[in-house]
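To start, the structure under review is shown below, and the notes come after it.
No value in this document is a laboratory result; all are computed from the given coordinates. Predicted, not measured: the structure shown is a model, and the values here were computed from it. Every residue, glycine as well, gets a Cβ built from its backbone with ideal geometry; the counts of neighbours run over all protein chains shown.
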Amino acid sequence: MRQFNVVVLGAGGVGKSALTVRFVRDVFVENYDPTIEEQYHRPIMVDGELSSLEVLDTAGAEQFTSLNEVYIKVGVCKSPGERCSTTSRDAPSNSLTQEVSLKEVESLRKQIFRIKGSESVPIVVVGTKSDLVSEREVPTTTIESLASRWNLPFYETSAKRNWHINDVFEDLLRQMRARYPPDAPKKQKKKKDKAPCIIM
């Protein structure tokens with residue numbers, strides 16, 4: 001069974017922890033202390049193949065954002081915001097209820113490409129809190145336009161209602177499998193002893 005690392009990046013309060021805990025434990029956490037760093041593990045069956053996902057839920061608070069570069073360098077991926085999440089090698093996220101969080105996603109996307117030195121990185125963009133219709137600030141058309149321009153998959157999710165949570169991680173896993181085939185040259189294998197990483 002192959003292991004893949006996923007990093008969830010995003011601004012504080014966008015729902016990264018709710019998204020992660022819903023995926024790993026299938027529960028919704030209403031109140032959550034601000035995360036510094038939490039690591040989770042879950043086996044997942046996709047396309048008839050069992051894989052292991054190590055999911056790193058990262059801090060979104062401003063005082064911890066300097067850690068983003070460390071996570072990206074190590075090959076772990078994160079998801080930048082609650083409303084939007086990116087899954088793949090790196091995945092920036094933003095909250096659909098916080099228009100300002102879109103800027104964080106764009107910033108993270110550029111940071112990932114700069115650090116990795118390539119744009120061929122597994123990434124999924126995730127919009128969180130899609131159930132909060134009356135509080136929504138980011139139109140679906142805005143997110144779809146950005147995802148199309150960036151050429152990245154995008155999912156609107158709700159950890160509370162369990163909408164499209166698995167879709168995000170399954171898409172990311174498929175991207176990682178394609179990007180890091182098991183028969184990769186030994187030189188590449190050495191670099192990814194901890195397995196490919198993904199950002200949500």
Return MET1, MET176 ranked ascending by Cβ neighbour count within 10 Å, so the fewest neighbours appear first.
-> MET1, MET176
Among residues other than ASN166 whose Cβ falls under 10 Å from its Cβ, what is the net charge (Lys/Arg +1, Asp/Glu -1)?
-> -3
State which entries of LYS16/LYS129; LYS103/LYS160; LYS16/LYS116 exceed 18 angstrom in Cα-Cα distance in the structure shown.
-> LYS103/LYS160; LYS16/LYS116
Cβ density ranking, 10 Å radius, fewest first, applied to TYR180, TYR40 yields TYR40, TYR180
Length gained when the stretch ARG149-ASN166 is fully extended (0.36 nm per residue, less Cα-Cα span) = 3.7 nm
What is the local net charge at SER52, summed over the other residues whose Cβ is closer than 9 Å to its Cβ (Lys, Arg +1; Asp, Glu -1)?
-> +1
Most exposed first, judged by fewest Cβ atoms within 10 angstrom, SER107, SER148, SER101 run SER148, SER107, SER101
